[in-house]
Structures are given as C-alpha cells and as structure tokens.
1. Mind checking whether some residue in the range 219-232 is among the acidic types (Asp, Glu) and within 16 Å of Leu309 (Cα to Cα)?
2. Mind checking whether some residue in the range 82-102 is open to solvent by less than 20 Å² (accessible area, probe 1.4 Å), in a helix (DSSP H, G or I), of a type in the set (Phe, Trp, Tyr) and touching a residue at least 60 places away in the same chain (Cβ under 8 Å)?
3. Which members of the range 167-194 meet the condition of being closer than 17 Å to Val90 by Cα, of a type in the set (A, V, I, L, M), over 20 Å from the mean Cα position of the chain (by Cα) and surrounded by 15 or more Cβ atoms within 10 Å (Cβ to Cβ)?
4. Just to be sure I understand, how many residues within the range 60-74 are in a helix (DSSP H, G or I) and either small (Gly, Ala, Ser) or surrounded by fewer than 17 Cβ atoms within 10 Å (Cβ to Cβ) (or both)?
5. Scan the range 274-283 for residues that are within 14 Å of the chain's Cα centre (by Cα) and either over 18 Å from Val314 (Cα atoms) or of a type in the set (A, V, I, L, M) (or both) and jot them down.
6. Kindly establish whether Ala250 is assigned to a helix (DSSP H, G or I) and loosely packed, with under 14 Cβ neighbours inside 10 Å.
7. Report yes if some residue within the range 204-215 is open to solvent by 70 Å² or more (accessible area, probe 1.4 Å) and acidic (Asp, Glu); otherwise report no.
Amino acid sequence: MDLLPSDNQRQIVDTIKDFLVNEAPVDRLREFGAIGNPDAKLWPQLGELGFFTLGLPEDNGGVGLGAAEEMLVFQQFGYHLVSPAVFGLVLGSRLAAFAGKEDLRDQLLSGTVRVGLANHRGDAGEARDYHLFESGKADWILVMNEEHAALHSRADFIDIKRVSSTDSVLELERATLGNAKPRAKIIKNIDNLHSRALMLLGAYGVGISEGARDMAVEYAKIREQFGKSIGYFQAIKHICADMAIRSEAALCQASFAALVMDEGSPDTDFHAVASKIVATEAAVKNAADNIQVHGAFGFTAEANAHHYLKRAHVIDMLWGALREQKKRILTFPTPA
C-alpha cells in the first residue's frame, strides 16, 4: 500500500493550501479577537471550489474521489485552524446524500447554510445532553454516534445556554435534544459516518501538529540567545525533532486509515480510532512544545501558539475523547 500522495492528490493539496494561505492565515484568529469564528465566510468559496464533495460518490452529487483525498484536505484545514464547523458541512452533506435528501444535500454543498456540531456531554449512552459547537447561527446540527447519524434543526434543541469555550474563538453551548424527528438520518450499514469523522479528525489533528511544528521551527531560526539562534542549541533541536517525528507518525496513520476506508476493509473502525488517537496526542504535545520553544512569549495572546493548543483540546473532545477512544480500541479484534 502506497502512503505517498499521487500527482493528482498533490494538485488538490496545492490548491487548497494556496486558498487557505491567502484566505485563512492563522493571524486572522488573533485579529478577530472575539467569540464567533470568522470562517463561515469561506464556506461558499470552498463549496464552489468543490472541496465539500471530494469524497462523495458521483451518483450522490459528488466529485467521486475518496477518503484519501478528503483526508489530505482536512490536514490543511487543521494546519490553518479552520473552524470545526467544516466537519458539519462535509459530513452533513454526505449524510443528506445517503438519506436521499437531495435538496438538503445541495444546500450544504453550496456552503450557503451552516451546520453546527453536537457532542455528547459525559457518557454517550442514551443521554440527550450535548455541547453544541459553532451552532449559534447554524441552520442544522449534526448529531452522531457509532451506530447512526442525524441532522437536526437547531429548534429541536431546548434549554440552550452559552458557556465559555477553551478555544475562545469558537461558540460553545449546552443544550438538550428534544423529541423532534431529525431532518435526515442514516445508520452505520448505509454509511459509516462515525468512522469517517474520526479519520478526518485524525487528519485535522495532523495539520495542527504540523502547524505547531513549523511555527516552532521558524521561531527557533529567528530568536537569538547568547548571540546565536536558539535552534543552534541541542535542547531546542531535540524538541523540534520530536515534533517532526510525531507529525510524521500521525500522518502515516491517518493516510493508512483513509486508504483502508476506501478499500472497505473490516478493519476500518480500528484504524479510524487509531488515527484519532495518534493524531490527537501529536497535536496536543506539539502544540505544548511549540509554546515551550517560544518561551515566555509563547504564553501571551500576541503569539499564535495558544490557538494550536486550544484547538487540539477541542478535537480531542469531539466524538469521544482520548480516554474513551483508547478504551474502545481495546475492544477490536487484532487487524489482519
């Protein structure tokens, strides 16, 4: 199995990278300086460019590529800290397509409506209490677990309360899901949306780890101490080398998970969970090391370093935190 991207995949990566460098530099989060992510303005452009439809079959209104191409795009979303609401649009449009809701699918693919994310509070079980991410102005909210996924109207949630978020640019609310029927719903046998979400979270985590790595390396080149750049000193070299190794390991696992998913392997769930575990740990550790390389400056709001660490903790919580995923992976049979 070849884990290296093909020429066509590199072109996709170059296109999304160029777009995000120009339209979504990480500096935008510092400049925005308030709760409410500014990235919603990107959705119509990303929809027009076709990045929401890459992994959707042509029969369902998509480009007809695969999970591997989606993985590479979400890696760039993570690198540029694009709002997690992008998961809602990509996964929500896929859900609508497989549920036969073509009108809803087309709305989501256009990027003209918003989709928030619902995440179980505490034990996932039968609880109907959720944290809602980026849902304040959302038309729809994506709710899912290992067995099924659904799109609910925001009006289906009750007792909505705004709460403070670790990631200060993201909207976070607490709410309870009422008894209203969802607009669209599918089960795992129709499409394994939960594992796809974990795989894409892994890709997003890879991007965070790489962004933190590159930020640390660049700072190590320009920050001087004792008349030399701090990158000259062995302690900093070792930190940066560890960051590079973590990122590479996470990328390999995310790539393998995407390829296994495209093959329809029975090990898909295992590798999707593994992708999230490896990538989330890499993202959190690299983001923390990036702050350490920056020293005292890294703890200030003027530096972008804190954005990587906060976003890494957010993706850890989405659809099952690390502790839950590690328990779950022990229940799988050993992959062939």
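The values are calculated or read from the model by the stated rules, or taken from the named source; none is laboratory data. Not measured: the values here are computed from a predicted model. Don't worry about glycine lacking a Cβ; one is built from the backbone with ideal geometry, like all the others, and counts go over all protein chains shown. Accessible surface areas use protein heavy atoms only, side chains included; no ligands, DNA or RNA. Shrake-Rupley method; radii C 1.70, N 1.55, O 1.52, S 1.80 Å.
1. Pass one, the range 219-232, residues among the acidic types (Asp, Glu): 224.
From what is left, the residues that are within 16 Å of Leu309 (Cα to Cα) are none.
No, that holds for no residue.
2. Yes: one or more hits.
3. If the condition is that a residue be closer than 17 Å to Val90 by Cα, of a type in the set (A, V, I, L, M), over 20 Å from the mean Cα position of the chain (by Cα) and surrounded by 15 or more Cβ atoms within 10 Å (Cβ to Cβ), then Ala184, Ile186 are the ones that fit.
4. 2
5. Answer for the range 274-283, where residues must be within 14 Å of the chain's Cα centre (by Cα) and either over 18 Å from Val314 (Cα atoms) or of a type in the set (A, V, I, L, M) (or both): Ile277, Val278, Ala279, Ala282, Ala283.
6. Numbers: assigned to a helix (DSSP H, G or I): yes; loosely packed, with under 14 Cβ neighbours inside 10 Å: no.
When the stated conditions are applied, Ala250 does not pass them.
7. Step one: list which residues in the range 204-215 are open to solvent by 70 Å² or more (accessible area, probe 1.4 Å), which gives none.
No, the range 204-215 contains no residue that is open to solvent by 70 Å² or more (accessible area, probe 1.4 Å) and acidic (Asp, Glu).
Yes/no per residue for (1) part of a helix (DSSP H, G or I); (2) closer than 28 Å to Leu330 by Cβ; (3) among the aromatic types (Phe, Trp, Tyr); (4) out of contact with any Cys (no Cβ under 8 Å at 6 or more places or on another chain):
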site	(1), (2), (3), (4)
His271	yes, yes, no, yes
Ser275	yes, yes, no, yes
Ala279	yes, yes, no, yes
Val284	yes, yes, no, yes
Ala288	yes, yes, no, yes
Val293	yes, no, no, no
Gly298	yes, no, no, yes
His306	yes, no, no, yes
Asp316	yes, yes, no, yes
